[in-house]
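Take a look at the structure set out below.
The values are calculated or read from the model by the stated rules, or taken from the named source; none is laboratory data. Every value quoted in this text rests on a predicted model; they were computed, and no experiment measured them. Quick reminder, even Gly has a Cβ in these numbers, built from the backbone with ideal geometry, and neighbours come from all protein chains shown. SASA here: full protein model, heavy atoms, side chains in, ligands and nucleic acids out. Shrake-Rupley method; radii C 1.70, N 1.55, O 1.52, S 1.80 Å.
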Amino acid sequence: MRIRLFTLALFFVTGAALAKNVTKSERFVQDLNLLTGGSLVVENPFGDILIVGADKPGMHAVVTKTMIGVDDDAIGEAREGTELRAAGNEKTRVLRTIAPLIRSPRWSAKVSYQIQVPRTTNIRVSSNVGDVRIANLDGTIAVNSFAGTLILQNTSGETNVASVNGTIIFDPNGKPESDTILQTLNGDIQVLVSPDANFEWIADTLTGQYRTTLGVRGRYLGTSFRGGFNAPGGPVIHTSTALGQVYMLKKGSLPTQARDLPKVLGLASTGPSGPPVIREFREQSVGELALDLDFVNVFVGSVEGSASVRTGAGEIHIGSIRGTTNVDSGGGPLSFGDAFGPIIAHTEAGDVIVNAARSRSNLGTNGGVIRLAFSAGPATLESGGGDIILRHAASSVNAMTKSGDITINLDPGLKTNRVIAKTGKGNIAVNVSPRFAADVQLTVLTSDPDANVIQTDFQGLAYSREQVGGKTRIRATGKINGGGDKVELSAEDGGIQFMSHASVLSAR
């Protein structure tokens, strides 16, 4: 998709500290078709995102890219290094900001999105650093963020929000209508509801600290709380924060007016607990890397041996690892350059990005995007709610996401290769050589069989349709080029493209 340049501005930042820096902004405006009940995916590592629902068709987007550099050449590097990409169709629109894994000391860039969509649009957002605000929407909402305030206002669909360091504010405009999950590791959570709203509340923190300006019934289970408001039943709001505070507020009241939940229930207070200090480990090069800390940010240029990192929370960035990599974070983005040995990397919340996995890889996130540029060995990729993008696979692939698109490009020299991919809500695109041989099974389960279909340019597959629980199951099976390893693709509420050339959903 072409994005039309709207205005261009160049100006110099004043002030002694920034006297040598040049700032340049570019603004893009685009109107696109987006069907009622369609989906919008936004991935933006640095910058704010605003998405607003309206009672009108189509999508209107205003995108501003701001670049700061030490000179004009650095601005040119920022422009080339920070790209805006768009994909999809009138059913699903995808907007992505592509930025380097390691930020340059000569320049920085951020991109802000202001988007208007139909009220019934389903939203999925991935953000590293920046505020996210979503308002006036009735579709489902999924947000994964590392740092920045997340605000949801006047929303009524099922919601799943996960952050590492950000505060979450949820204001459903009175009475919540659908189940909602709000999770943050280090930030606070504020929920604003009408005093007569009926819903259940599940709350979890490490310290058991909850405050409210409402009357509530319920009980503690350790440091967790299970309770409800007004009449029994209704949707469930699940709030979870490891180190922050949870506020359940009557709309119009302030957090400073809230009382400790134990006092509201007539119990003894659980007592305050101070926040921990997030440490930083930064080295250009190490022989072996072995860290086991509760909270640490890790920045390492190269590891000559093996790397083993365990942390309760923190972002981890490692340039190259010669030996085995084993990383497990309770929350935070993970990025790696070249992993020459086997790599296992998992985070509870955040994106996982790997430039090259030279041996087998096992990458996972409970809420975020997985990007693997090159895979030489068997790859297992699993996301709890985000896209999976494998740009170049030279070995077997097993990819699964609960909600997101999957894109896999196989090495054109492969004669056959095992590929298993499954998404609970999204599209799958697999690109192979025209000479690729496989036993193929492609399955789509959808409530919109006209929009979510199977597309392939390989001949000889047998197609079938059947009704399953109010949905349509579309299946294509058979052998291509005489048969070979199994290719099994399964998409629910999305389409499948299995092509011998680049497709509209291919990674860029």
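Just one of the listed residues (74, 54, 87, 109) is within 25 Å of residue 383 (Cβ to Cβ) and either in contact (Cβ under 8 Å) with a residue 60 or more places away in the chain or small (Gly, Ala, Ser) (or both), and it is 87.
In segment 27-43, the residues that are part of a loop (DSSP other than H, G, I, E, B) reach residues that are polar (S, T, N, Q) and open to solvent by less than 10 Å² (accessible area, probe 1.4 Å) with C-beta atoms within less than 6 angstrom, at least six apart or across chains, in these pairs: 38/121. With respect to the conditions (1) open to solvent by 30 Å² or more (accessible area, probe 1.4 Å); (2) in contact with a Lys or Arg (Cβ under 7 Å, 6 or more places away or on another chain); (3) farther than 28 Å from residue 427 by Cα, residue 106 lacks only one, and its number is (2).
Can you pull out every residue in segment 401-418 that is surrounded by fewer than 16 Cβ atoms within 10 Å (Cβ to Cβ) and in contact (Cβ under 8 Å) with a residue 60 or more places away in the chain? Once the filter is applied, which keeps residues that are surrounded by fewer than 16 Cβ atoms within 10 Å (Cβ to Cβ) and in contact (Cβ under 8 Å) with a residue 60 or more places away in the chain, segment 401-418 yields only 415. Taking first residues from segment 153-168 that are at pLDDT 90 or above and partners that are of a type in the set (Lys, Arg), the Cβ contacts under 8 Å between residues at least 6 apart in sequence or on separate chains come to 153/133.
Take the residues in segment 63-86 that are assigned to a strand (DSSP E or B) and open to solvent by 20 Å² or more (accessible area, probe 1.4 Å), then tell me which one is nearest to residue 425 (Cα to Cα). Looking at residues that are assigned to a strand (DSSP E or B) and open to solvent by 20 Å² or more (accessible area, probe 1.4 Å), I get 85.
Let's see how each residue does on (1) closer than 23 Å to residue 329 by Cβ; (2) open to solvent by 40 Å² or more (accessible area, probe 1.4 Å):
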| residue | (1), (2) |
| --- | --- |
| 148 | yes, no |
| 151 | no, yes |
| 156 | no, no |
| 168 | yes, no |
| 173 | no, yes |
| 182 | yes, no |
| 191 | no, no |
| 194 | no, no |
| 200 | no, yes |
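Every listed requirement among (1) within 16 Å of residue 38 (Cα to Cα); (2) over 17 Å from the mean Cα position of the chain (by Cα); (3) not charged (D, E, K, R) is met by residue 123 save one, (2).
Taking the condition surrounded by 14 or more Cβ atoms within 10 Å (Cβ to Cβ), modelled with pLDDT under 80 and aromatic (Phe, Trp, Tyr), does residue 299 pass? Taking the combined requirement at face value, the residue does not satisfy it. Against the numbered list (1) closer than 30 Å to residue 260 by Cβ; (2) open to solvent by 40 Å² or more (accessible area, probe 1.4 Å); (3) aliphatic (A, V, I, L, M), residue 293 comes up short only at (1). Annotation: of all residues in segment 419-454 being of a type in the set (Val, Ile, Thr) and within 18 Å of residue 385 (Cα to Cα), the one that is surrounded by the fewest Cβ atoms within 10 Å (Cβ to Cβ) is 420.
Of all residues in segment 208-242 being surrounded by fewer than 15 Cβ atoms within 10 Å (Cβ to Cβ) and hydrophobic (A, V, I, L, M, F, W, C), which is nearest to residue 189 (Cα to Cα)? The selected residue is 221.
Listed by position, the strands (runs of 3 or more DSSP E) contained in segment 374-454 that have at least 1 residues being closer than 15 Å to residue 354 by Cβ, touching a strand residue (DSSP E or B) at 6+ places or on another chain (Cβ under 6 Å) and of a type in the set (Lys, Arg) are 388-393. The set of residues in segment 346-371 being hydroxyl-bearing (Ser, Thr, Tyr) and over 17 Å from residue 43 (Cβ atoms) consists of 359, 361.
Comparison of 494, 484, 478 shows that the only residue that is at pLDDT 90 or above and in a loop (DSSP other than H, G, I, E, B) is 484. Among the residues of segment 112-132, those that are within 12 Å of residue 50 (Cβ to Cβ) and either open to solvent by 30 Å² or more (accessible area, probe 1.4 Å) or part of a strand (DSSP E or B) (or both) comprise 112, 113, 114, 115, 116, 117, 123, 125, 127, 131, 132.
With the requirement that a residue be open to solvent by 30 Å² or more (accessible area, probe 1.4 Å), within 24 Å of residue 385 (Cβ to Cβ) and assigned to a loop (DSSP other than H, G, I, E, B), what does segment 302-351 give you? 315, 348 - these are the residues of segment 302-351 that are open to solvent by 30 Å² or more (accessible area, probe 1.4 Å), within 24 Å of residue 385 (Cβ to Cβ) and assigned to a loop (DSSP other than H, G, I, E, B). For residue 379, the conditions (1) open to solvent by less than 10 Å² (accessible area, probe 1.4 Å); (2) free of Cβ contacts under 8 Å to residues at least 40 places away in the same chain; (3) out of contact with any Leu (no Cβ under 8 Å at 6 or more places or on another chain) are fulfilled apart from (3). Within segment 352-373, if we keep just the residues that are of a type outside the set (A, V, I, L, M) and in a loop (DSSP other than H, G, I, E, B), the residue that is modelled with the lowest pLDDT turns out to be 367. Any residue in segment 361-375 that is over 19 Å from the mean Cα position of the chain (by Cα) and within 22 Å of residue 331 (Cα to Cα)? For segment 361-375, residues over 19 Å from the mean Cα position of the chain (by Cα) and within 22 Å of residue 331 (Cα to Cα): present.
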